[in-house]
Amino acid sequence: MSRNKGNKKGIRVLFNGFLIVMMLAIAGALLVKNKDRIGLSRFLGEKSESYSFFTDLKDATNKMRSSSENEIKNRAPVYVVDVEKYVAPNPDPAKYDSQLENYSDSTIEMHYHMERLYDSRFHFIEVRIKHPSQLRMALAFDKFGSKRQKPSLMAANVHAVAAVNGCFYNRRYGGIIINKRNVFRNHPYGLDTLLIDSDGNFHIVEDTKVESSGVLQQYDIVNALTFGPELVHDGKALTITKRNWEPSTCEPRTAICQYDDDLHYLICLAEGRNCYSVGVTMQTFADEIATRGVKTAYNLDGGQSGTIVIGNEVKNKIGWGRERAQSDILYFATAIDAADQQ
């Protein structure tokens, strides 16, 4: 029994000795590995701060914090226009060119030009915005009902960079009207409705099919108006078969369109009923717009209602000479106030 105890004790001593040797070896290897971190002064017997894992952790944390702060400082701000507000930020007059044909700031790019096509003057306004809230709809005096204003006055009141007349909802009784997510009218009568969601995307559905289509459940619809018809679908001009406001005669026409890329739009207006322009049929209008590369195009109220405004100035010649007071407009706004652009 005593011999067995002695053998076990000897084995334990050898094992402990082996562990001590291994620990010393590992410690030596770590010292060599960390030689650069600790510095030569430690090996020369001079005073030096001891290295620890927490030293590296603290340094790494400070570097990450500094990097994050720099990233935040350099990150472009995201500007949003409050959907609930009637008035948008005020554009900087200095950002327009002298002819009111271009406007540019860090949140919006707007370019206007005119072409002569089909014995008529065509007006085009191309717009790119940074945030969907910059595409907006305004009602006359910010009220749903019988009130009317000239589009140029509405545009000035809401600080529009560029604006176009809408559907003139209070000239007819039916359709679907939504403004700032408020449903003001839901009386379908067979016309196409333009629904604009919170991502700034267009959805065009016949008003009788809006509820059954699921578009209201699938998307956050901010604004909607009813006139139509849809002119371009998935980049191709549609064959106009719907009977809607003199489609086959040559008239002034107005449309708002969306390109395939995000937050990129086109307003198109063809003049008519004046000494400069004879107007176009709705089919000709659709065919011409499709050549502009848009994905979707929707026909707005035309005729005497057709009006486009840039910097509070009406750009087109109204059919019978006078700007018509109406109930609503669609417009594009800057998302940064002029006072903050200085």
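Remarks
- Protection proxy ranking, peptides 199-206, 221-228, average beta carbon neighbours within 10 Å, highest first: 221-228, 199-206
- ³J(HN,Hα), Karplus 6.51/-1.76/1.60, whole Hz, each residue of the stretch 168-182, x for Gly, Pro: 6, 4, 8, 9, 9, 9, x, x, 10, 10, 10, 9, 6, 6, 8
- Karplus-based coupling profile of the stretch 95-111, in residue order and whole Hz: 7, 7, 7, 5, 9, 6, 10, 9, 9, 8, 9, 6, 10, 8, 10, 10, 9, with θ = phi - 60° in 6.51 cos²θ - 1.76 cosθ + 1.60 and x standing for Gly or Pro.
- Projected label distance in nm at ASP82 and GLU101, using a 7 Å step from Cα toward the beta-carbon: 3.8
- Gyration tensor verdict on the stretch 146-275 (Cα atoms; rounded if a/c is under 1.5, prolate if a/b is larger than b/c, oblate otherwise): rounded
- Estimated from the Cβ-Cβ distance and a Förster radius of 25 angstrom, the FRET efficiency linking ASP199 and ALA325 is about 0.20.
- Length available on full extension from ARG292 to ALA94: 0.36 nm per residue minus the Cα-Cα distance, which gives 68.3 nm.
- Label sites at ASN182 and VAL314, each approximated as a point 7 angstrom past Cα along Cα to Cβ, lie 2.8 nm apart.
- Rounded if a/c under 1.5, otherwise prolate or oblate - the stretch 93-340, Cα gyration tensor axes: rounded
- Given LYS130/LYS150; LYS150/LYS317; LYS150/LYS180; LYS150/LYS236; LYS95/LYS315, the pairs whose alpha carbons are separated by over 25 Å: LYS130/LYS150; LYS150/LYS236
- The slack between ASP337 and LYS209, meaning 0.36 nm per residue of separation minus the straight C-alpha distance, is 42.1 nm.
- In this label model, TYR219 and ASP261 are separated by 2.1 nm, measuring between points 7 Å along each Cα→Cβ vector.
FYI, it's all coordinate maths here, none of it is from the lab. Here the structure is a predicted model, which means the values were calculated and not measured. With ideal geometry, Cβ positions are generated from the backbone for all residues, glycine too; neighbour counts draw on all protein chains shown.
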